[in-house]
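K.L.:
One structure, as structure tokens, below. Some questions next.
The values are calculated or read from the model by the stated rules, or taken from the named source; none is laboratory data. If you're wondering where the values come from, they're calculated on a predicted model, not measured in any experiment. Every residue, glycine among them, receives a Cβ derived from its backbone with ideal geometry; neighbour counts consider all protein chains shown. Side chains are part of the model used for accessible areas, which takes the heavy atoms of the whole protein and leaves out ligands, DNA and RNA. Shrake-Rupley method; radii C 1.70, N 1.55, O 1.52, S 1.80 Å.
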Amino acid sequence: MLSEAAARLLQSLLVLLTMSAVVFAGVYLIGNPLDMLIPPQASELERAQAGHALGLDQSLITQYLLFLQHALEGNLGRSFFSNSPALGLILDRLPATIELALSAALIAVGLGVPIGIGCAWYAQRFGTRVLLGLATLGFSVPTFWVGLLLIMLFSVQLQWLPSGGRDASGHLFGIATSFGSWRGLSHLLLPAISLALFKLALLIRLTYAATREVLQQDFILAARARGVALPRLLGVHVLRNIGVSLTQVIGLEFGALVAFSIVTESVFAWPGMGKLLIDAINSLDRPVVVAYLLVTVTLFTAINLVVDLIALVLDPRLRRAGLQ
Amino acid sequence: MSPATPKTTVHRPAIRTTVSSPELETPLGSSGPKAPGHTLELNTAISARALSVRDLSVDFTTAQGPLRAIDRVSFDLAPGEVLALVGESGSGKSVTARALLGLTDPVTQSVGGAVLLEGESLLPLSQAAWRSRRGRRIALILQDPMTCLDPLQTVGAHMLEALRAHRSIGQREAHDIAVQALERMGIGDAPQRLRAWPHQLSGGLRQRVSIAMALLHRPAVIVADEPTTALDVTVQGQILSQVQALARDSGTAFLWITHDLAIVERFADRVAVMYAGQIVETGQTARVFSAPRHPYTRALLDCVPQRYQPGERLAVISGLAPSLAGMPGGCRFRARCAQAQVDCSHWAPATRTDSDGSYLCLHPLTP
């Protein structure tokens with residue numbers, strides 16, 4: 001099993017290398033950064049000097065290798081506008097985004113998986129049809145609209161929760177985070193719910209379908225015939241058997257939560273990476289965009305690695321397949 | 001609830017025990033005058049039997065109304081006895097097995113009649129009470145060894161779970177019991193096997209594990225739903241003789257569901273033949289094989305290839321078994337029966353019981 005884990009890790013590194021090339025090509029080779037940095041009335045000499053200062057006069061390969069070397073040293077360039085390191089800008093915003101994504105994922109998984117399993121076990125009940133109908137509705141309504149509705153109800157009408165912003169004044173395990181104080185949590189709740197709703201609906205339907213399939217298996221009937229009680233039947237046999245496919249979906253969806261929660265962050269004025277990216281794109285701040293893309297790619301690769309490892313732990317048959 | 005054809009009441013009033021009736025004596029006792037030769041043997045001590053099934057019916061709820069999959073099935077099992085339940089696919093054998101363990105779907109299937117396990121009526125039991133008897137007093141072995149173990153649990157985890165379902169037991173003690181149980185089923189290197197995953201075992205080994213688990217709590221009854229059909233013949237023979245010896249030693253009764261008549265002849269004490277949801281004949285194995293009374297039993301026996309010389313043309317039962325939705329009135333086998341007469345389509349036969357067993361036919365081959 002260790003050798004398979006090592007193989008997965010190597011794969012991940014290869015993916016990262018490939019992606020760095022794609023990002024480099026995408027952002028540095030399409031269009032000339034000088035056009036944006038240097039005023040159009042500048043002379044040819046000035047252009048050449050600026051190009052030389054930025055290393056743009058060197059060959060493609062050299063440029064890429066330099067980029068790679070700097071990236072490995074944690075240097076992804078400086079923001080054209082604030083002149084601070086691009087990676088630092090991203091990493092400053094990362095905790096807020098991770099916080100929001102984690103809360104949304106916890107809500108979606110914590111509610112979605114049990115509800116999905118319950119719906120599958122009580123598939124014939126009326127309540128099940130209502131829940132599944134609501135789930136379908138859940139991924140039919142747009143996230144920003146849900147966010148606005150939540151603000152209208154809980155912030156404007158009831159005035160229970162703040163309508164936006166983040167409060168990380170509280171500390172948890174020595175880290176400044178929204179989880180550290182009630183005020184922090186109250187700011188987090190609405191964006192997290194609004195972000196979780198779609199994933200919750202998705203997980204309910206997915207868990208329901210996967211559980212229905214597992215419940216028809218002979219080993220479930222055999223376990224029931226041995227007198228295995230319902231909590232163990234669903235909590236051990238069903239959960240582990242739907243676990244492999246579920247963790248794959250949850251992993252991908254978590255990555256999506258981190259990388260693409262831009263809309264929700266805008267609606268709730270949440271100071272996350274998404275908002276930074278929008279600002280960077282609007283101002284053509286390329287190093288920040290590159291840093292964002294590379295951080296996102298790394299995150300996705302890491303999540304996929306973890307998902308693969310979880311699958312190896314859950315399903316012994318994958319271990320054998322990996323050895324052959 | 002019971003769409004029994006009224007014609008049967010000519011011979012015997014339909015007995016209905018619903019799941020909700022707590023007292024068994026009332027409905028069975030009110031069965032009224034019986035036709036001569038027909039006995040339900042109610043007076044003999046029912047508790048001495050491992051299992052008594054009386055008028056077990058299973059109805060499937062469909063959009064078109066209820067469909068009766070099992071129609072008033074009755075049989076008894078003595079301790080240590082092997083009763084073979086034979087019949088074609090779709091005749092209701094597996095549904096019977098599930099109904100006996102209370103594993104039918106409560107929403108889409110309704111069960112009527114009475115099931116007495118060691119004298120205790122099971123159908124009125126609560127779900128929790130049912131569960132505490134499943135695996136402990138009545139166990140089930142399924143057909144396909146490839147699918148009846150959870151692929152993500154080790155053999156040891158399965159056995160520990162089976163033990164802990166009915167008694168609180170420490171890890172070490174459970175391990176010892178599990179090793180013994182596997183060794184009793186002829187599995188060598190048992191401690192090693194406990195750590196194995198199901199996909200690492202052959203079909204024969206997996207089925208032995210299933211049987212070992214079924215025997216763990218020394219149940220009164222084991223319902224075996226074609227447990228050796230998916231295995232090759234040599235493994236089949238070994239497992240059968242082991243099970244036979246274990247049954248003899250522990251007094252466990254087997255309801256052996258199969259369509260392999262060669263196994264039945266060697267292995268079963270008695271036979272019950274099922275057709276279209278009804279038991280059409282019961283009797284001692286030797287008697288049923290040598291002198292079947294029901295034309296369907298006769299036809300089934302004629303289909304056994306071993307009974308033919310090489311080159312001889314094999315017999316088939318022409319036609320198909322009726323579907324649940326299109327169950328004919330009168331005798332259900334008549335459309336395929338060589339002996340059918342005019343009255344077979346007008347009168348539904350009632351079960352007649354005597355010292356040689358029972359049959360469900362207006363014109364038995366040997367009365």
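The rows are residues; the columns are (1) touching a helix residue (DSSP H, G or I) at 6+ places or on another chain (Cβ under 6 Å); (2) closer than 19 Å to residue B:78 by Cα; (3) modelled with pLDDT of 90 or more.
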position: B:193; (1), (2), (3): yes, no, yes
position: B:200; (1), (2), (3): no, no, yes
position: B:209; (1), (2), (3): yes, no, yes
position: B:223; (1), (2), (3): yes, yes, yes
position: B:231; (1), (2), (3): yes, no, no
position: B:235; (1), (2), (3): yes, no, no
position: B:239; (1), (2), (3): no, no, no
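K.L.:
Under 9 Å between Cβ atoms, at least 6 apart or on separate chains: pull out the pairs that start in region B:149-163 with a residue that is at the interface with chain A (Cβ under 7 Å from one of its Cβ atoms) and end on any residue that is of a type in the set (Ser, Thr, Tyr) and open to solvent by 10 Å² or more (accessible area, probe 1.4 Å).
P.N.:
Close Cβ pairs satisfying both conditions: B:149/B:210.
K.L.:
Quick one: would you say residue B:246 is in a helix (DSSP H, G or I), more than 24 Å from residue B:70 (Cβ to Cβ) and not basic (Lys, Arg)?
P.N.:
Details: in a helix (DSSP H, G or I): yes; more than 24 Å from residue B:70 (Cβ to Cβ): yes; not basic (Lys, Arg): yes.
Yes, satisfied.
K.L.:
In region B:323-364, what residues are part of a loop (DSSP other than H, G, I, E, B), open to solvent by less than 60 Å² (accessible area, probe 1.4 Å) and touching a Lys or Arg at 6+ places or on another chain (Cβ under 6 Å)?
P.N.:
B:340, B:348, B:350, B:364
K.L.:
Looking only at region A:234-249, count every residue that is more than 9 Å from chain B (Cβ to nearest Cβ) and either crowded, with 19+ Cβ neighbours inside 10 Å or in contact (Cβ under 8 Å) with a residue 24 or more places away in the chain (or both) and tell me the total.
P.N.:
We begin by selecting, within region A:234-249, every residue more than 9 Å from chain B (Cβ to nearest Cβ); these are A:234-235, A:238-239, A:242, A:245-249.
Next, only the ones that are either crowded, with 19+ Cβ neighbours inside 10 Å or in contact (Cβ under 8 Å) with a residue 24 or more places away in the chain (or both) stay: A:234, A:238-239, A:242, A:245-249.
Total satisfying the criteria: 9.
K.L.:
Restricting attention to region A:207-227, does a residue exist that is surrounded by fewer than 22 Cβ atoms within 10 Å (Cβ to Cβ), of a type in the set (A, V, I, L, M, F, W, C), in a helix (DSSP H, G or I) and more than 13 Å from chain B (Cβ to nearest Cβ)?
P.N.:
There is at least one residue in region A:207-227 that is surrounded by fewer than 22 Cβ atoms within 10 Å (Cβ to Cβ), of a type in the set (A, V, I, L, M, F, W, C), in a helix (DSSP H, G or I) and more than 13 Å from chain B (Cβ to nearest Cβ).
K.L.:
Could you list all residues from region A:122-144 that are assigned to a helix (DSSP H, G or I), surrounded by 16 or more Cβ atoms within 10 Å (Cβ to Cβ) and within 14 Å of chain B (Cβ to nearest Cβ)?
P.N.:
Hit for region A:122-144 is A:128, nothing else.
K.L.:
Another question, then. Quick check on region B:288-320: of everything there that is of a type in the set (A, V, I, L, M, F, W, C) and assigned to a loop (DSSP other than H, G, I, E, B), which residue is farthest from residue B:274 (Cα to Cα)?
P.N.:
Here is the first cut: in region B:288-320, the ones of a type in the set (A, V, I, L, M, F, W, C) are B:288-289, B:291, B:299-301, B:303-304, B:314-317, B:320.
From the residues that got through so far, the ones that are assigned to a loop (DSSP other than H, G, I, E, B) too are B:291, B:303-304, B:314-317, B:320.
Working: B:291: 17, B:303: 16, B:304: 17, B:314: 22, B:315: 19, B:316: 17, B:317: 15, B:320: 14 Å.
So, considering only residues that are of a type in the set (A, V, I, L, M, F, W, C) and assigned to a loop (DSSP other than H, G, I, E, B), the one farthest from residue B:274 (Cα to Cα) is B:314.
K.L.:
May I ask you to list the residues in region B:195-235 that are of a type outside the set (A, V, I, L, M), more than 11 Å from chain A (Cβ to nearest Cβ), in contact (Cβ under 8 Å) with a residue 40 or more places away in the chain and assigned to a helix (DSSP H, G or I)?
P.N.:
B:203, B:204, B:207 - these are the residues of region B:195-235 that are of a type outside the set (A, V, I, L, M), more than 11 Å from chain A (Cβ to nearest Cβ), in contact (Cβ under 8 Å) with a residue 40 or more places away in the chain and assigned to a helix (DSSP H, G or I).
K.L.:
I would also like to ask the following. On the basis of being more than 21 Å from residue A:133 (Cβ to Cβ), free of Cβ contacts under 8 Å to residues at least 60 places away in the same chain, of a type outside the set (Ser, Thr, Tyr) and open to solvent by less than 60 Å² (accessible area, probe 1.4 Å), does residue A:173 make the cut? It would help to see each step written out before you state the result.
P.N.:
Numbers: more than 21 Å from residue A:133 (Cβ to Cβ): yes; free of Cβ contacts under 8 Å to residues at least 60 places away in the same chain: yes; of a type outside the set (Ser, Thr, Tyr): yes; open to solvent by less than 60 Å² (accessible area, probe 1.4 Å): no.
No.
K.L.:
Here's a follow-up. Of all residues in region A:283-308 being open to solvent by 30 Å² or more (accessible area, probe 1.4 Å) and of a type in the set (D, E, K, R), which is farthest from residue A:82 (Cα to Cα)?
P.N.:
Checked region A:283-308; the qualifying residue farthest from residue A:82 (Cα to Cα) is A:308.
K.L.:
Criterion first (closer than 21 Å to residue A:226 by Cβ, surrounded by fewer than 23 Cβ atoms within 10 Å (Cβ to Cβ) and at pLDDT 90 or above) does residue B:132 satisfy it?
P.N.:
Against the criterion (closer than 21 Å to residue A:226 by Cβ, surrounded by fewer than 23 Cβ atoms within 10 Å (Cβ to Cβ) and at pLDDT 90 or above), residue B:132 qualifies.
K.L.:
Residues to consider are B:110, B:91; find the one that is open to solvent by 20 Å² or more (accessible area, probe 1.4 Å) and either in a strand (DSSP E or B) or more than 9 Å from every other protein chain (Cβ to nearest Cβ) (or both).
P.N.:
Only one candidate passes the filter, namely B:110.
K.L.:
If you scan region B:175-193, which residues turn out to be away from chain A (no Cβ under 14 Å), part of a helix (DSSP H, G or I) and surrounded by 14 or more Cβ atoms within 10 Å (Cβ to Cβ)?
P.N.:
We begin by selecting, within region B:175-193, every residue away from chain A (no Cβ under 14 Å); these are B:175-177, B:179-180, B:182-193.
Still in the running and part of a helix (DSSP H, G or I): B:175-177, B:179-180, B:182-184, B:190-193.
Scanning region B:175-193 gives B:175, B:177, B:179, B:182, B:183, B:184, B:190, B:193.
K.L.:
Then there is this: Might you check whether a residue that is more than 14 Å from every other protein chain (Cβ to nearest Cβ) and either in contact with a Gly (Cβ under 8 Å, 6 or more places away or on another chain) or open to solvent by 20 Å² or more (accessible area, probe 1.4 Å) (or both) occurs anywhere in region A:312-320? Step through it out loud before you land on a result.
P.N.:
First, pick out the residues of region A:312-320 that are more than 14 Å from every other protein chain (Cβ to nearest Cβ): none.
No, region A:312-320 has no match at all.
K.L.:
Regarding residue B:137, is this residue facing another protein chain (nearest Cβ under 10 Å), open to solvent by 10 Å² or more (accessible area, probe 1.4 Å) and either within 18 Å of residue B:215 (Cβ to Cβ) or in contact (Cβ under 8 Å) with a residue 12 or more places away in the chain (or both)?
P.N.:
Considered against the rule, which asks whether it is facing another protein chain (nearest Cβ under 10 Å), open to solvent by 10 Å² or more (accessible area, probe 1.4 Å) and either within 18 Å of residue B:215 (Cβ to Cβ) or in contact (Cβ under 8 Å) with a residue 12 or more places away in the chain (or both), residue B:137 comes out as yes.
K.L.:
Hey, does region A:287-303 have a residue that's of a type in the set (Val, Ile, Thr), within 18 Å of residue A:246 (Cβ to Cβ) and within 14 Å of another protein chain (Cβ to nearest Cβ)? Break it down stepwise before answering.
P.N.:
Residues of region A:287-303 that are of a type in the set (Val, Ile, Thr), as a first pass: A:288-290, A:295-298, A:301, A:303.
Then drop every residue that is not within 18 Å of residue A:246 (Cβ to Cβ), which leaves A:303.
When the remaining residues are screened for being within 14 Å of another protein chain (Cβ to nearest Cβ), the result is none.
No - not one qualifying residue is present in region A:287-303.
K.L.:
Condition first: open to solvent by 40 Å² or more (accessible area, probe 1.4 Å), under 27 Å from residue B:86 (Cβ atoms) and either in contact with a Cys (Cβ under 8 Å, 6 or more places away or on another chain) or within 11 Å of chain A (Cβ to nearest Cβ) (or both). Can you find one or more residues in region B:115-124 that meet it? Outline the logic, then answer.
P.N.:
Taking region B:115-124 as the starting set, the residues that turn out to be open to solvent by 40 Å² or more (accessible area, probe 1.4 Å) are B:118, B:120, B:124.
The next check asks that each one be under 27 Å from residue B:86 (Cβ atoms); those that pass are B:118.
With the extra rule that they be either in contact with a Cys (Cβ under 8 Å, 6 or more places away or on another chain) or within 11 Å of chain A (Cβ to nearest Cβ) (or both), the set shrinks to none.
Looking for residues that are open to solvent by 40 Å² or more (accessible area, probe 1.4 Å), under 27 Å from residue B:86 (Cβ atoms) and either in contact with a Cys (Cβ under 8 Å, 6 or more places away or on another chain) or within 11 Å of chain A (Cβ to nearest Cβ) (or both), one finds none in region B:115-124, hence no.
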